[in-house]
Amino acid sequence: MDLSKNYIPAVVEEKWYKHWLSKNYFKSTPDGRPPFTVVIPPPNVTGVLHMGHTLNETVQDILVRKARMSGFNACWVPGSDHASIATEAKVVEMLKREKNIDKNNLSREEFLKYAFEWKEKYGGIIYNQIERLGCSVDWERVSFTMDDHYYKAVIKVFVDLYNKGLIYRGARMINWDPAAKTALSDEEVEYKDVTGKLYYVKYEVAESGSNAHYIVIATQRPETIMGDTAVCANPNDERYTLLRGKKVIVPLINKEVPVIFDEYVDKDFGTGILKITPAHDINDFNIGLKYNLPVVDTLNEDGTMSEAAQIYIGEDRFVARKKIVEGLKTKGLLVKEEEYTTRLGYSQRTNVVAEPKISTQWFVKMKELAQPALKEVTSGNVKIHPGEKFNATYKYWLENVKDWCISRQLWWGQQIPAWYDEEGNVYVAETEEQASQLATGNGQLTRDEDVLDTWFSSWLWPIEVFNGITEPNNKDINYYYPTSVLVTGQDIIFFWVARMIMAGMEFMKEKPFNDVYFTGMVRDKQGRKMSKQLGNSPDLLHLIHEYGADAVRFGIMISSPAGNDLLFDENSLEQGKYFNNKLWNALKLVKMWAEKLSGDNNALSVENNSYNNSFAIDWFENRLNEVQTEVDNLMCQFRLSEALKTIYSLIWDDFCSWYLEWIKPGFEEQIAEPVYLKTVSFFDSLLQLLHPFMPFITEEIYHLLEERNDDLIVKQFSSAGKTDATILEQGNRLKEIITAIRDARNKHNIRQKETIKLHIETIDQNQYRAIENILAKQINAESIGFSSQPENTFITIVAGKEKMYIEANIEIDINTQKEKLIKDLNYLKGFLNSIDKKLSNDRFVQNAKADVIELERKKKLDAQAKILAIEQTLSAL
RNA sequence: GGGAGCAUAGCUCAGUUGGUUUAGAGCAUCUGCCUUACAAGCAGAGGGUCCGCGGUUCGAACCCGUGUGCUCCCA
């Protein structure tokens, strides 16, 4: 077989993905095995996968593949959500640009037809990326939040909650997105610190005659002046007591409004007196309710001034602000302007300043739904990872949750199933027919124009991807629900995670998942969150092209501890690429051996001392068992990056750098068949351990290593064997000696090609029998002997407690030896000192556990022996 | 303003109930090697007041308090 010099991912990846698909390995149907269910957090159809998604999908694939190889019926459901606001905006823009069509000239049905076409065209992009990354999702279960059954589920749930009194319609202060011309929920508004201006405006006190009195009011938003319906001061503020019962005149529109008094006003802010604009500020709105003030909405839905504003009608709010400031200046009503830092709410979707606005919308009552959802997490029934970081956040939000505004003034989404008669009575039902049966009023019924928030559909995701709402108790939902683990970004803990738990508890009476694993945010090297706007997120397909999918997966996982942000650096992808090559080259080496096997069946017996293969194999078998147990533990705790590091080091260091070198036959020599077979089986185990993280290359090598009838992707893990501490210890000791001698060779400039003779001073020659040949090979020694009488041309080193002498054909430098010895000596003396301090402390001896003391005593003896060896050596020099 | 998290090698991070921890890994750096799997590599090495201060303890990177600096969430 001809193997290329280096590993070439592209061909391999395509081949195996197709193969896995053709074998239906990703497909899941209920059976007798325990299920392991994961639902993909639906990326929205407008986008491409960014690095955050990549991390997310990789984590899920690792968990799913590991479960599939561990006796579970693994089911991973892919899908996407319709992203109401973002998608509608894109479709509107596309219609304008490509077809010169104005949305306003289209009927709802026509528009939806275009929207679905658009979704078909662009929705596939993310699926392609998921595939290229190697994700083992069940493609027959692809779900979309606007699928027919899903649509019905959302409608059904709406009606259900309405009938339970958990959904209501009413006029409330909401966040308005003037660009998308729709209401938003509180969570869809992002607050940013901005430098604004505080304008000090004069309001004339009414009926103050020719000696006009003025009060000065500070405002950030002069364009709302026309919506003022009162001004308000603190009742304890003596500056304003004279104004009791008076009215003031709103500038520019000359409207008289009352002066009211309320303790809510902070005397020290601005001038201590506020304008009250109930239509455009939540606090003002509350004051308005308390004092029964009229509400004057001065804004149109697109953020321009409304008729009610009386002036600058139709002008944009920010243009109007400038003009109003000018107007106030000309009239001498502007006292001063001040720089002022404030927080402004921006629409998460369109990035424009969101306007607080009184509006009639549909809301979900959250208090009742929040209770069980909170309990599931505080009781530990749903476990959040990492918990210490997010439990408190979760709890705080649920304890302080406000009602959820779910109506959106859009077409792309589930249309609210509410019908109004001519008198304005509302009837909520799944169909118009049912609504008309409910109708008691007069006239024709007209349906509510609005659609529902996308999150009002995606909160049903773990249920309705299995048709759990539309066909309760079907075979799938009964088998797969509750799902095993939800993997998602911490930024949607409220949008999605909390609401999914609510929905699960409300509609299934059961949590939607056992565990939640929050990944961190992916940031660029400078620590900035990756975003489309900054353009700092690399293109996934480009990265896969350059490094290979396995390397991308490796790179993003190796630096990604649970819940911690990760600074994305292509360096780590490079590390992944190198790792691919390391595996590839190990394969080449082993395949080389396969060409000439010797039938030496004694190769593994301890008595056959010619290669020490028996020790190498014993040791590696134990290391493998040790690591397998370790990796299992780490994966249970979702410490995936540590698990990967552990496997990486097992493969690179223990397998390639040590084990393979130990059993490597000499030049032109054959390898014994039993050793070869053992080695192949170790390689298999390593590939299996690594497979969930790097699926393509492991499957490829698994098949190149030997002819196979099975595939690695479904090869079941056997439980890890026991480990023998003694043999592991011996292995470490061997490595230690090799390293110490190599170090000495390096320090004394003994060239690698040059052989040495090694003399060991030991009381127990026997312990070297099993490793002698390995040792000789690894340090390029032509002979190993035992002697306690070194000649002074030998280099003396102390490895552990034992002295060793290197006989080489060079002049030795005593100082180099001394330096090293003195350095070690100082370290050991300090170490011994710290132990002595403990042991000479009576309270330590009294209080510490027996095994701790025993350990310290052992450490002490050990250190003393080492020190003695070094001191003897030094004095002999 | 309220809350949470973080601070360990030049960089990015591990360090599980306090005791083989006078602290580990990868990258970067330095030295020597084109050794028949791998220069995308091999063999070595150097590098740390575990953010400052105080406390608890026989014993603290780890627990508590406090200060400083970053990050995030909420209003």
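The values are calculated or read from the model by the stated rules, or taken from the named source; none is laboratory data. Note that the coordinates shown come from a computational prediction; the quantities given were computed from them, not determined experimentally. Every residue, glycine among them, receives a Cβ derived from its backbone with ideal geometry; neighbour counts consider all protein chains shown. The accessibility values were calculated without ligands, DNA or RNA, using every heavy atom of the protein model including side chains. Shrake-Rupley method; radii C 1.70, N 1.55, O 1.52, S 1.80 Å.
A single member of A:Asn292, A:Asn283, A:Asn351 is open to solvent by 80 Å² or more (accessible area, probe 1.4 Å) and either within 30 Å of A:Val92 (Cα to Cα) or free of Cβ contacts under 8 Å to residues at least 40 places away in the same chain (or both), and it is A:Asn292.
Scanning segment A:5-12 turns up no residue that is closer than 22 Å to A:Val142 by Cβ, in contact (Cβ under 8 Å) with a residue 12 or more places away in the chain and open to solvent by less than 20 Å² (accessible area, probe 1.4 Å). In this entry, A:Lys395 is excluded by the filter for residues that are of a type outside the set (A, V, I, L, M), loosely packed, with under 15 Cβ neighbours inside 10 Å and closer than 29 Å to A:Thr87 by Cα.
Selection of segment A:190-208 for residues being at pLDDT below 90, open to solvent by less than 50 Å² (accessible area, probe 1.4 Å) and among the β-branched types (Val, Ile, Thr) yields A:Val194, A:Val205. Exactly one residue out of A:Ile738, A:Ile713 is among the β-branched types (Val, Ile, Thr) and without any contact (Cβ under 8 Å) to a residue 60 or more places away in the chain, and it is A:Ile738.
Scanning segment A:157-182 for residues that are more than 11 Å from A:Phe363 (Cα to Cα), open to solvent by 20 Å² or more (accessible area, probe 1.4 Å) and either in a strand (DSSP E or B) or touching an Asp or Glu at 6+ places or on another chain (Cβ under 6 Å) (or both) gives A:Met173, A:Asn175, A:Lys181. In segment A:861-876, the qualifying residues are those that are open to solvent by less than 60 Å² (accessible area, probe 1.4 Å) and among the hydrophobic types (A, V, I, L, M, F, W, C), and the one that is farthest from the chain's Cα centre (by Cα) is A:Leu874.
Return the residues of segment A:841-867 that are among the hydrophobic types (A, V, I, L, M, F, W, C) and free of Cβ contacts under 8 Å to residues at least 24 places away in the same chain; say none if nothing qualifies.
Filtering segment A:841-867 for residues among the hydrophobic types (A, V, I, L, M, F, W, C) gives A:844-845, A:848, A:850, A:852-853, A:855, A:861, A:863, A:865, A:867.
Selection gives A:Phe844, A:Val845, A:Ala848, A:Ala850, A:Val852, A:Ile853, A:Leu855, A:Leu861.
Counting only helices (runs of 4 or more DSSP H) that fall entirely inside segment A:551-667 and contain at least 1 residues that are modelled with pLDDT under 85 and near RNA strand B (Cβ under 9 Å from one of its atoms), the qualifying elements are A:570-594. Within segment A:291-314, the residues that satisfy the criterion of being in contact with a Lys or Arg (Cβ under 7 Å, 6 or more places away or on another chain) and either at positive phi or of a type in the set (Gly, Ala, Ser) (or both) are A:Gly303, A:Tyr312.
Yes or no, residue by residue, for (1) free of Cβ contacts under 8 Å to residues at least 40 places away in the same chain; (2) over 43 Å from the mean Cα position of the chain (by Cα):
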site: A:Glu661; (1), (2): no, no
site: A:Pro674; (1), (2): no, yes
site: A:Leu677; (1), (2): yes, no
site: A:Ser681; (1), (2): yes, no
site: A:Ser685; (1), (2): no, no
site: A:Gln688; (1), (2): no, no
site: A:Leu705; (1), (2): no, no
site: A:Ala725; (1), (2): yes, no
site: A:Lys757; (1), (2): no, yes
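Specify the residue that is nearest to A:Phe318 (Cα to Cα); the eligible residues are those in segment A:354-371 that are open to solvent by 50 Å² or more (accessible area, probe 1.4 Å) and not β-branched (Val, Ile, Thr). Outline the logic, then answer.
Step one: filter segment A:354-371 for residues open to solvent by 50 Å² or more (accessible area, probe 1.4 Å), giving A:360, A:365, A:367-368, A:371.
With not β-branched (Val, Ile, Thr) added as a condition, the list becomes A:365, A:367-368, A:371.
Working: A:Lys365: 34, A:Lys367: 37, A:Glu368: 40, A:Gln371: 42 Å.
Of everything passing the filter in segment A:354-371, A:Lys365 is nearest to A:Phe318 (Cα to Cα).
Criterion first (among the small types (Gly, Ala, Ser), loosely packed, with under 15 Cβ neighbours inside 10 Å and without any contact (Cβ under 8 Å) to a residue 40 or more places away in the chain) does A:Gly272 satisfy it?
Numbers: among the small types (Gly, Ala, Ser): yes; loosely packed, with under 15 Cβ neighbours inside 10 Å: no; without any contact (Cβ under 8 Å) to a residue 40 or more places away in the chain: yes.
So A:Gly272 does not fit the description; no.
Of the residues A:Asn6, A:Asn24, the single one that is closer than 29 Å to A:Leu566 by Cβ and over 27 Å from the mean Cα position of the chain (by Cα) is A:Asn6. When every residue of segment A:432-441 is checked against the conditions, none turns out to be in contact (Cβ under 8 Å) with a residue 40 or more places away in the chain and either open to solvent by 10 Å² or more (accessible area, probe 1.4 Å) or aromatic (Phe, Trp, Tyr) (or both).
Looking at A:Lys858, is it part of a helix (DSSP H, G or I), under 19 Å from A:Lys747 (Cα atoms), within 14 Å of RNA strand B (Cβ to nearest atom) and within 47 Å of the chain's Cα centre (by Cα)? I'd like the intermediate steps shown before the answer.
Values: part of a helix (DSSP H, G or I): yes; under 19 Å from A:Lys747 (Cα atoms): no; within 14 Å of RNA strand B (Cβ to nearest atom): yes; within 47 Å of the chain's Cα centre (by Cα): yes.
Considered against the rule, which asks whether it is part of a helix (DSSP H, G or I), under 19 Å from A:Lys747 (Cα atoms), within 14 Å of RNA strand B (Cβ to nearest atom) and within 47 Å of the chain's Cα centre (by Cα), A:Lys858 comes out as no.
Taken over segment A:61-72, the residue count meeting the criterion of being touching a Phe, Trp or Tyr at 6+ places or on another chain (Cβ under 7 Å) and open to solvent by less than 20 Å² (accessible area, probe 1.4 Å) is 4. Note on segment A:492-521: among residues that are open to solvent by 10 Å² or more (accessible area, probe 1.4 Å) and touching a strand residue (DSSP E or B) at 6+ places or on another chain (Cβ under 7 Å), the one that is nearest to A:Asn391 (Cα to Cα) is A:Asp515. Scanning segment A:26-53 for residues that are at pLDDT below 95 and closer than 30 Å to A:Leu452 by Cβ yields a count of 13. On the basis of being more than 16 Å from RNA strand B (Cβ to nearest atom) and touching a Lys or Arg at 6+ places or on another chain (Cβ under 8 Å), does A:Ser787 make the cut? Judged against the criteria, A:Ser787 is not a match.
Of everything in segment A:13-51 that's within 20 Å of A:Asp539 (Cβ to Cβ) and in contact with a Lys or Arg (Cβ under 6 Å, 6 or more places away or on another chain), which residue is most open to solvent (accessible area, probe 1.4 Å)? Restricting to residues being within 20 Å of A:Asp539 (Cβ to Cβ) and in contact with a Lys or Arg (Cβ under 6 Å, 6 or more places away or on another chain), the top hit is A:Thr46. Within the bounds of segment A:815-827, is there any residue that is more than 10 Å from RNA strand B (Cβ to nearest atom), touching a Ser or Thr at 6+ places or on another chain (Cβ under 9 Å), open to solvent by less than 30 Å² (accessible area, probe 1.4 Å) and hydrophobic (A, V, I, L, M, F, W, C)? Checked against the condition, which is being more than 10 Å from RNA strand B (Cβ to nearest atom), touching a Ser or Thr at 6+ places or on another chain (Cβ under 9 Å), open to solvent by less than 30 Å² (accessible area, probe 1.4 Å) and hydrophobic (A, V, I, L, M, F, W, C), segment A:815-827 yields at least one hit.
For segment A:79-90, a residue qualifies if it is touching a residue at least 60 places away in the same chain (Cβ under 8 Å) and either assigned to a strand (DSSP E or B) or surrounded by fewer than 23 Cβ atoms within 10 Å (Cβ to Cβ) (or both), and the qualifying residues are A:Gly79, A:Ser80, A:Asp81, A:Ala86, A:Ala89.
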